[in-house]
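The values are calculated or read from the model by the stated rules, or taken from the named source; none is laboratory data. Everything numeric here is computed off the predicted structure, so don't read it as measured data. Don't worry about glycine lacking a Cβ; one is built from the backbone with ideal geometry, like all the others, and counts go over all protein chains shown. Side chains are part of the model used for accessible areas, which takes the heavy atoms of the whole protein and leaves out ligands, DNA and RNA. Shrake-Rupley method; radii C 1.70, N 1.55, O 1.52, S 1.80 Å.
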Amino acid sequence: YLEMQFYQMLPTTMSDLQDRFQKKPYGWREIDIAAVVARLIYDQKVTIKYGGTTIQPNDLKLPDMLRKKSEIGKTTISKRQVVSIQKIRTVRDFLRDFFDEMDVPQDEDGLINHIVEKFEGELEHYNALLSRYDGHHYPDQDKVKQAIDLVKDVLSQKKDNTALIQRIIDQEDALYDMHDDLQAIEEFFKTRVNLFDSAVMYERELKVDLDYIDKNEDASQALDQIHQITMIPTSGKFMYERIPELNEHISKLKNSHDKMLDAKREELLEIIRQCMKEIHNLAGDNSAARNVSNTADNFFTQKKQQIASYQTLALLDGLVPPI
């Protein structure tokens, strides 16, 4: 009966089957009709759809769709258009290679469930990956977004077994390209993002000292290399392989900058020494002047603490006028 309906392109609901086979000459019970349909579903000979969505055999609501009065009119059943063995083999080979797995179901329904489960997992993973870009300027965010769109495109066909299989075959090259593009991104977030963040933060902290750094060849070259490596190109490929170089350039810049800080601190401490010496000499043994001298001592002690704590040349230079 279902074959006849299929070739005549007539829709058939579970309600149609119940009405037809409960009447003469069959006279079957409702539960028997549902049981026969359940066997056909298990043998993958028919397709069940509810609201246009293909229902998988493991759906917990399936028994209601086969028997419940309020559901059988919305449940359509048709002779299954079997996916070709060649297409199933092609998709199984792809899944084994793409997900690096061996245990891929051979039957159509099992394969469909496996595909949906795998790609929904991929979608969740890529969404989590995209969330790591929040508040940061990391490379290749557009590639992660494209990966999400591609996986959504595949999953958009999950309502129809044949369409889902065909969509994977059609998008096979795009999926492989996506996988290759994301390998560098995955490795970046796994092992290199902390070094990248450190370099970006250090470069940002030293912006106030650019005028000083420009006068120091070693520091200037190191800062320029850090900027080149961490800069996100507007077009072209980001050079992930250069990120390990940041360790050397950060160390070189820090050494040069620390020497400049030490020299500036010595300069300021010498100014303070001269000021204190002059104030003490002028105060002499005069008690009133000694009070002023003590106030100055407290002031300069505070400035010495600031000199020791400040980590930029610009802030240190800012101490000269009040001293």
Condition check for residue 237: under 35 Å from the mean Cα position of the chain (by Cα) and open to solvent by 60 Å² or more (accessible area, probe 1.4 Å): yes
Extreme residue, farthest from residue 158 (Cα to Cα), among residues of segment 28-58 that are more than 40 Å from the chain's Cα centre (by Cα), β-branched (Val, Ile, Thr) and surrounded by fewer than 18 Cβ atoms within 10 Å (Cβ to Cβ): 31
Inspect all residues belonging to segment 147-161 and state whether any of them is open to solvent by 80 Å² or more (accessible area, probe 1.4 Å), over 21 Å from residue 314 (Cβ atoms), within 15 Å of the chain's Cα centre (by Cα) and free of Cβ contacts under 8 Å to residues at least 24 places away in the same chain. yes
Could you tell me which of the residues 164, 195, 175, 182 is surrounded by 15 or more Cβ atoms within 10 Å (Cβ to Cβ), within 15 Å of the chain's Cα centre (by Cα) and assigned to a helix (DSSP H, G or I)? 182
What single numbered condition from (1) surrounded by fewer than 16 Cβ atoms within 10 Å (Cβ to Cβ); (2) modelled with pLDDT of 95 or more fails to hold for residue 294? (2)
When the residues of segment 112-137 are filtered to those that are open to solvent by less than 20 Å² (accessible area, probe 1.4 Å) and modelled with pLDDT of 95 or more, which remaining residue is farthest from the chain's Cα centre (by Cα)? 115
The helices (runs of 4 or more DSSP H) lying wholly within segment 1-46 that contain at least 3 residues that are under 19 Å from residue 73 (Cβ atoms) are 14-22, 30-42
Can you pull out the residues in segment 240-262 that are within 30 Å of residue 298 (Cα to Cα) and open to solvent by 60 Å² or more (accessible area, probe 1.4 Å)? 259, 262
So, in segment 1-22, how many residues would count as being out of contact with any Gly (no Cβ under 9 Å at 6 or more places or on another chain) and either aliphatic (A, V, I, L, M) or farther than 18 Å from residue 68 by Cα (or both)? 12
Helices (runs of 4 or more DSSP H) lying entirely in segment 59-109 (those with 2 or more residues that are modelled with pLDDT of 95 or more and surrounded by 15 or more Cβ atoms within 10 Å (Cβ to Cβ)): 85-98
